[in-house]
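K.L.:
One structure follows; several queries about it will come next.
FYI, it's all coordinate maths here, none of it is from the lab. Keep in mind that what you see is a predicted model, and the values were worked out from it rather than measured. Quick reminder, even Gly has a Cβ in these numbers, built from the backbone with ideal geometry, and neighbours come from all protein chains shown.
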Amino acid sequence: MSPTEKKPAEKKAKAAKKPETDAAPAKAGKKEVKMSVIRIRLSAFDHTVLDEAAQKIVETAERSGAIVHGPIPLPTLIKKFTVNRSTFVHKDARDQFEMRTHRRLIDLSETTFKSVESLQTLSLPSGVEIKIDMG
């Protein structure tokens, strides 16, 4: 083998090892770092309060530039309780009660620090439970 045959192979190997520096040119000034997906789960006993809270979250996320998927309605959890009316006798006389928990799911993708900060300062109606998963 002559030395001229090895040079093209060496050039290809060097080109493969070369790091890409021109992949994304940075803007002059502000540089927004994209974060991962945020999943927000809302639950409440009253569906109107829940829908108001979901609407506030969606509006805030869209203003900050995040891509919003939702609110997606999840199945309502129903807990039923049966209680005897009397304390000792009359087994046939009973009352039935139920608690309905309405739930919604909102996914935010391509979130920035600005969108996370605006969601933290958001005031929501009372009676709404919020679970946030970042990942």
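K.L.:
If neighbour count is taken as other Cβ atoms inside 10 Å, put Leu119, Leu74 in order from fewest to most.
P.N.:
Ascending number of Cβ neighbours within 10 Å: Leu74, Leu119.
K.L.:
Neighbouring Cβ atoms within 10 Å as the yardstick, rank Lys114, Lys79, Lys56 fewest first.
P.N.:
Result, fewest neighbours first: Lys79, Lys114, Lys56.
K.L.:
Hey, fewest Cβ within 10 Å first, where do Phe45, Phe88 land in order?
P.N.:
In order of increasing Cβ crowding within 10 Å: Phe88, Phe45.
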